[in-house]
């Protein structure tokens, strides 16, 4: 049996009367690169959100390395960055990553190394 990095099997998802996904199947091997191409409203973002476990499919299943999408095991292996992400401008990249890591299974410990900003002595320090 092939160990796929991502498998989407007969995934369907509707929003009211609009059918965004209709029995979509995809299988990607580790290291394989794929692109989703289509017009606005074709279901590209919805498919990625299902794969990330952020939206449950109405039918079919999504798995990351054999784990159901959205489970802690799957979330450790895959991430999702929305196209319209908004980050507070006052935070450093490390602070943003640490903040969002708290909501993710990785936890804030993944970003605990000190940055040059954190280790810069304050004025007047010896």
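The values are calculated or read from the model by the stated rules, or taken from the named source; none is laboratory data. This structure is a prediction, so every number in the text was calculated from the model and none was measured. Reconstructed Cβ throughout: ideal geometry from the backbone, glycine too, with neighbour counts over all protein chains shown.
Quick look at the numbers
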quantity: Count - residues of the stretch 64-77 that are assigned to a loop (DSSP other than H, G, I, E, B) and buried (at least 16 other Cβ atoms within 10 Å of the Cβ); calculated: 2
quantity: Among residues of the stretch 45-55, those that are in contact with a strand residue (DSSP E or B) (Cβ under 8 Å, 6 or more places away or on another chain) and at negative phi, counted; calculated: 5
quantity: Residue match in the stretch 87-108 (condition: modelled with pLDDT of 85 or more, assigned to a helix (DSSP H, G or I), assigned by TED's automatic domain parsing to the domain that holds residue 30 and more than 30 Å from residue 19 (Cβ to Cβ)); calculated: no
quantity: Top-ranked residue of the stretch 1-28 - restricted to ones that are more than 16 Å from residue 69 (Cα to Cα) and in a loop (DSSP other than H, G, I, E, B), ranked as modelled with the lowest pLDDT; calculated: 1
quantity: Test: residue in the stretch 35-56 that is touching a residue at least 60 places away in the same chain (Cβ under 8 Å) and not assigned by TED's automatic domain parsing to the domain that holds residue 99; calculated: no
quantity: Test: residue in the stretch 60-68 that is over 29 Å from residue 101 (Cβ atoms), outside the structural domain of residue 102 (by TED's automatic domain parsing) and either modelled with pLDDT of 90 or more or in contact with a strand residue (DSSP E or B) (Cβ under 7 Å, 6 or more places away or on another chain) (or both); calculated: yes
quantity: Residue, nearest to the chain's Cα centre (by Cα), within the stretch 33-59, restricted to residues that are under 20 Å from residue 73 (Cα atoms) and assigned to a loop (DSSP other than H, G, I, E, B); calculated: 52
quantity: Out of 20, 27, sole residue that is crowded, with 17+ Cβ neighbours inside 10 Å and in the same structural domain as residue 71 (by TED's automatic domain parsing); calculated: 20
quantity: Subset of the stretch 78-92 [free of Cβ contacts under 8 Å to residues at least 40 places away in the same chain and surrounded by 10 or more Cβ atoms within 10 Å (Cβ to Cβ)]; calculated: 79, 80, 82, 87, 91, 92
